[in-house]
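Just below is one structure, and these are the notes that go with it.
The values are calculated or read from the model by the stated rules, or taken from the named source; none is laboratory data. Because the structure is predicted, anything quoted here is derived from the model rather than measured. When we count neighbours, we look across all protein chains shown, and the Cβ atoms used for this are built from the backbone with ideal geometry, even at glycine.
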Amino acid sequence: MTTETALDLSEMDPAEWRVLVNEVIYGPYTLGQMVGFIAEKRVGPRTQVAEGDGGAFLPAREHRPLVHHLNEALRPSSQPEPADDVSNYLIIAKLTGTGETQLVSAMNRLGKFAEIMPGVWALRSSVKHSRLREQLNQTVTSADQVMIANASTGRLAWLNLGPEADVHIRRVWNADLD
């Protein structure tokens, strides 16, 4: 496909959404990306979100285009996972200050873990992926960077990597190889 015939989706789904986390603004994102964040539980009803350039940051539940998707994400699954399911996680972190002590303390509460090499841990836990991300997010600062790979399911989550890394990770993680 040449640049003359390339499909431009920017008018159909413009990047006009911003997310405020720990006083850091991320974005702009498209509505499609926001829906993905909601499905991954990276954006919840109380997450501060702004629509449009210069829009006010309000809880996501107050943005009409997001309400349906938030409700769907909060609806219990028709096939809930058993509470005793155990997953193996690989946690990779670049931490500042006392971040490592706090992260290790959190992992100690969440399951059994081992440091594989500096900044890399294996964790075995019955905690769900989204809950693990939430727990680790509470222990790190906005300067810390964390990736969480669920080796049991192939899911990936991250904290504080920024919008460019976000785009690159999404482009690669589930990409077709042909």
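Checking VAL140, VAL146 one by one, the residue that is buried (at least 19 other Cβ atoms within 10 Å of the Cβ), modelled with pLDDT under 90 and touching a strand residue (DSSP E or B) at 6+ places or on another chain (Cβ under 9 Å) is VAL140 and no other. When restricted to residues that are β-branched (Val, Ile, Thr), surrounded by fewer than 16 Cβ atoms within 10 Å (Cβ to Cβ) and within 21 Å of GLY154 (Cα to Cα), region 95-128 contains 2. For beta carbons closer than 8 Å, sequence separation of 6+ or different chains, a first residue in region 153-164 that is of a type in the set (Gly, Ala, Ser) and a second that is part of a loop (DSSP other than H, G, I, E, B), the qualifying pairs are ALA157/GLU40; ALA157/ARG42.
Exactly one condition in (1) hydrophobic (A, V, I, L, M, F, W, C); (2) closer than 25 Å to TYR26 by Cα; (3) touching a Lys or Arg at 6+ places or on another chain (Cβ under 7 Å) is not met by TRP173; state its number. So TRP173 meets the others, but not (3).
The set of residues in region 83-128 being of a type in the set (Val, Ile, Thr) and either over 22 Å from SER142 (Cβ atoms) or not assigned by TED's automatic domain parsing to the domain that holds SER142 (or both) consists of VAL86, ILE116, VAL127.
Of all residues in region 86-110, those satisfying the criterion of being of a type in the set (Gly, Ala, Ser) and more than 21 Å from the chain's Cα centre (by Cα) are GLY97, SER105.
Any residue at all in region 161-178 that's in contact with a strand residue (DSSP E or B) (Cβ under 7 Å, 6 or more places away or on another chain), closer than 21 Å to THR101 by Cβ and surrounded by 13 or more Cβ atoms within 10 Å (Cβ to Cβ)? No. Of all residues in region 115-127, those that are under 12 Å from ILE148 (Cβ atoms) have Cβ atoms under 7 Å from Cβ atoms of residues that are small (Gly, Ala, Ser), 6 or more apart or on another chain, in TRP121/ALA114; ALA122/ALA114; LEU123/GLY111; SER125/SER87; SER125/GLY111; VAL127/GLY111. ARG131 fulfils the conditions (1) at pLDDT 90 or above; (2) closer than 25 Å to GLY44 by Cα; (3) outside the structural domain of THR30 (by TED's automatic domain parsing); (4) assigned to a helix (DSSP H, G or I) except for a single criterion, (1).
One line per residue, one yes/no per condition, for (1) more than 24 Å from ALA165 (Cα to Cα); (2) in the same structural domain as ARG133 (by TED's automatic domain parsing); (3) modelled with pLDDT of 75 or more:
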residue	(1), (2), (3)
GLU4	yes, no, no
MET12	no, no, no
ILE25	no, no, yes
ALA39	no, no, yes
ALA50	no, no, yes
HIS63	yes, no, yes
GLU81	yes, no, no
